[in-house]
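One structure is given here, and the rest of the page talks about it.
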Amino acid sequence: MFGIQGRVVAAITLRATIGRKRAVLFALAPLVLILVTVALKLSHPERASWPVDILGLFGLTVVLPLTALIIGTSVLGAEIDDGSIVHLLATPVSRGVVIGAKYTVACVLTMVFAAVPILVAGLIATGGATKLALGVFAGALAGSVMYNAIFVMISVLTTRAIAWGLLYALIWEGVLGNLVAGARLLSVGQYSLGIANSIAHDPSLNAALSLSTAVVAGLLVTAVALVIAVRRLASFSLKGEPA
Amino acid sequence: MSTIELSHVSRWYGNVVAINDVTMTIGPGVTGLLGPNGAGKSTLLHLIAGFLAPSRGELTVAGTASWHNPGIYRTVGLVPERDSVYAFLTGEAFVRTTAQLHKLPDPEAAAQRAIGIVEMADAQDRRISTYSKGMRQRIKVAAALVHDPPILLLDEPFNGMDPRQRLHMMDLLHRLGEQGRTILFSSHILEEVERLSGTIQVIVAGRLAASGDFRAIRRLMTSRPHVFMVRTSDDRRLGASLIGRPAVTGVELTGRGLQVRASDYGAFTRELAVLARDEEIRLRELLPADESLESVFTYLVET
């Protein structure tokens, strides 16, 4: 897709990301999701809407952003932290290709480690390929694409990417998104819910945005975040020795 | 097409000036960028390598600006100071991968050629994580050379190397320089760069302090006055004898012992022992007082 350079960058990124200890972290959350779903399924809760709670509240708003955060900030951020990015940047590869390849790897990994487990949980919880199961899967796929653009951007902007990413996911989306209506318009979690709800049509998902708003705003946020990431990477500077 | 030119280049961080109005031209051959830690060598190298924007001045590498210009890496190879490489790759895979990033027509052949130059063929199939410090430096040089660049920049390539590895790296840089490449490396260990027969640029406190033939500057350094602290069983009597020696230019009694200034390092250290024996004075301690790099470089700036 990006030619030989993009494929080489993607291959190294994939190997480095899977090989780090953090990989255990992003394999853990989906495992918990599926285990909790199985446990709930076996215990037959009284609340009829429990599949929506576990898929929407836990899957889409906790497992998905958390997995995307760990993956999105490490595909590029880890190399910036340890300095090995210099080897990559000291070649004539365009910075757009670097971001593109790393972002693609982050999206695919997030889909494998968050969206697919959410689908599996949905199939278990609702007992088959229901609208809810497919809806949250679609929301999770879209969320993977949007969250990673933001988290890759954050990892180029700051060396404390995990902290800033958590701040965004918890404070902005978690607290402000629930209290302030305006914040929902700038919340990837809400875009994912809006897309999920367009298939699921389930009021207990609490989707605040329509499909078209979610898609347009989501595309815009993704594009802007990636452009900022490329521009910042093009201005990547090495710190000199302490004066 | 392989020269590096700086014209009145400055770089500051807020109020701190890291590089102050440096003008220099670096052509083919080996050039050492020397200076004490914190003098701005790395900053200068990062500016040249396109990893830092100059605050003021003009900087061109092979005729084009290096900042915001990934295209220069077709003519420039960079060996960064930090040891972090993709340690999970084998040496061969690392160099071949770099060749692919350069879109070379035959990455395998290019990798073999570069690995041959640094003499790492025997270890090329081992993972980089198993390499010694010297081997990591060499494989980084191979990666930087894989596209056969006319300009090679190395940031502190001798750091952490043992003397044998350092000699090997020096010889390698010389061979590359003799091929007509422009080789620029930084180092804060002036005394250890003894095999260098090229030119050096000395950076002190962000300024270009000295520039020229290495051997001439080295002669200046060895003939500078040396200061020693000596503690003996009888400082006063030894001091009186020392002041009569031609190699000694000054003696001072201090609370911590005898401070001796010598104009000739070798003659003084030879004569001191003989003198102490003849006078039956016991030598307790002999310390060079000004051997810190800062004093060496400061001396260069003052002359």
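In table form, for the structure just shown:
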| quantity | calculated |
| --- | --- |
| Residues that are within 14 Å of chain A (Cβ to nearest Cβ) and surrounded by fewer than 16 Cβ atoms within 10 Å (Cβ to Cβ), drawn from region B:118-147 | B:ARG127, B:SER129 |
| Qualifying residues in region B:1-40 (those that are hydroxyl-bearing (Ser, Thr, Tyr) and not in a strand (DSSP E or B)) - the one nearest to the other protein chains (Cβ to nearest Cβ) | B:SER2 |
| Filter pass, A:ALA48 being assigned to a helix (DSSP H, G or I) and either closer than 25 Å to A:GLY127 by Cα or within 14 Å of chain B (Cβ to nearest Cβ) (or both) | no |
| Yes/no for B:THR60 being polar (S, T, N, Q), without any contact (Cβ under 8 Å) to a residue 60 or more places away in the chain, within 25 Å of B:LEU172 (Cβ to Cβ) and surrounded by fewer than 23 Cβ atoms within 10 Å (Cβ to Cβ) | no |
| Test: residue in region B:41-61 that is within 11 Å of another protein chain (Cβ to nearest Cβ) and more than 21 Å from the chain's Cα centre (by Cα) | yes |
| Check on B:THR97, modelled with pLDDT of 95 or more and either of a type in the set (A, V, I, L, M) or in contact with a strand residue (DSSP E or B) (Cβ under 8 Å, 6 or more places away or on another chain) (or both) | no |
| Those residues of region B:255-303 which are among the β-branched types (Val, Ile, Thr), modelled with pLDDT under 70 and part of a loop (DSSP other than H, G, I, E, B), in sequence order | B:THR303 |
| Residue within region A:228-240 that is away from chain B (no Cβ under 14 Å) and either under 18 Å from A:ASN148 (Cβ atoms) or in a loop (DSSP other than H, G, I, E, B) (or both) present | yes |
| Flag for A:VAL112 being modelled with pLDDT of 95 or more and under 30 Å from A:ARG231 (Cβ atoms) | yes |
| Residues that are crowded, with 18+ Cβ neighbours inside 10 Å and at pLDDT 90 or above, drawn from region B:218-234 | B:VAL230, B:THR232 |
| Filter result for the condition that a residue is surrounded by 17 or more Cβ atoms within 10 Å (Cβ to Cβ), under 17 Å from the mean Cα position of the chain (by Cα), within 14 Å of chain B (Cβ to nearest Cβ) and touching a residue at least 12 places away in the same chain (Cβ under 8 Å), over A:GLY77, A:GLY96, A:GLY143, A:GLY139 | A:GLY77 |
| Scan of region A:11-35 for residues that are in contact (Cβ under 8 Å) with a residue 24 or more places away in the chain and away from chain B (no Cβ under 14 Å), ordered by number | A:ARG22, A:LEU25, A:PHE26, A:ALA27, A:ALA29, A:PRO30, A:LEU31, A:VAL32, A:LEU33, A:ILE34 |
| Any hit, region B:63-74, residues being facing chain A (nearest Cβ under 8 Å) and among the hydroxyl-bearing types (Ser, Thr, Tyr) | yes |
| Verdict on B:ARG175 being under 17 Å from B:SER2 (Cβ atoms) and surrounded by fewer than 19 Cβ atoms within 10 Å (Cβ to Cβ) | yes |
| Out of B:GLN165, B:GLN112, sole residue that is polar (S, T, N, Q) and modelled with pLDDT of 90 or more | B:GLN112 |
| Residue in region B:4-18 that is at pLDDT below 95 and crowded, with 20+ Cβ neighbours inside 10 Å present | yes |
| Matching residues, region B:253-283, being among the acidic types (Asp, Glu) and free of Cβ contacts under 8 Å to residues at least 12 places away in the same chain | B:ASP278, B:GLU280 |
| Selected residue (criterion: farthest from the other protein chains (Cβ to nearest Cβ)) from residues of region A:209-227 that are surrounded by 20 or more Cβ atoms within 10 Å (Cβ to Cβ) and farther than 30 Å from A:ILE80 by Cα | A:LEU209 |
| Members of region B:75-117 found to be more than 9 Å from every other protein chain (Cβ to nearest Cβ), within 22 Å of A:ILE18 (Cα to Cα) and among the hydrophobic types (A, V, I, L, M, F, W, C), listed by number | B:ALA93, B:VAL95 |
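To keep it simple, each residue is scored yes or no on (1) closer than 21 Å to B:LEU153 by Cα; (2) among the aromatic types (Phe, Trp, Tyr); (3) part of a helix (DSSP H, G or I).
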site	(1), (2), (3)
B:LEU104	yes, no, no
B:ALA110	yes, no, yes
B:ARG113	yes, no, yes
B:GLY116	yes, no, yes
B:ASP122	no, no, yes
B:ASP125	no, no, no
B:MET135	yes, no, yes
B:ILE139	yes, no, yes
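The values are calculated or read from the model by the stated rules, or taken from the named source; none is laboratory data. This is a predicted model, so every value here is computed, not measured. Reconstructed Cβ throughout: ideal geometry from the backbone, glycine too, with neighbour counts over all protein chains shown.
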